[in-house]
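The values are calculated or read from the model by the stated rules, or taken from the named source; none is laboratory data. This is a predicted model, so every value here is computed, not measured. Here the Cβ positions follow ideal geometry from the backbone for every residue, glycine too, while neighbour counts run over all protein chains shown.
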Amino acid sequence: RPTRLQFAGLVHDFFEGMGGGDINSPLKQLLPRYRKIENNFLKVLAKKFNLYLQDFTTIKPYDLEARAIEHKALMRPYTYADKDPNPTKFSKPYWKFYNKPWTSKRAEKEFTNRFNILLARRRIEGI
């Protein structure tokens, strides 16, 4: 996958971590102002990191898959009647990472490492 899309996948939830909170899609539908603020934030991210807004749409199936994997691994069996009838068709090898939940420190370390690797790779590629 192109580095740009990997980076978009990594940063697409920054809004949640920057104070926007993690709100589920059905509730977001009822909060048009929230969606507008979130979309404006994505525009800022795209400009800051030289991404295309379309990148966030392109990575959506992978985001849905990650949600399904996390849900199955950390909660109850995945039962959402989602848009995609096969939520694990993209990256089955990643199931192995969900055999044990990460601590918040490990998640931060893994994220920071991946962020730095992708940022360096983008600089090398001249992006």
>> Can you tell me which residue is farthest from L10 (Cα to Cα) among those in region 27-45 that are touching a residue at least 12 places away in the same chain (Cβ under 8 Å) and of a type outside the set (S, T, Y)?
In response: I37
>> For the condition modelled with pLDDT under 75 and not hydroxyl-bearing (S, T, Y), what is the one hit in P26, P87?
In response: P87
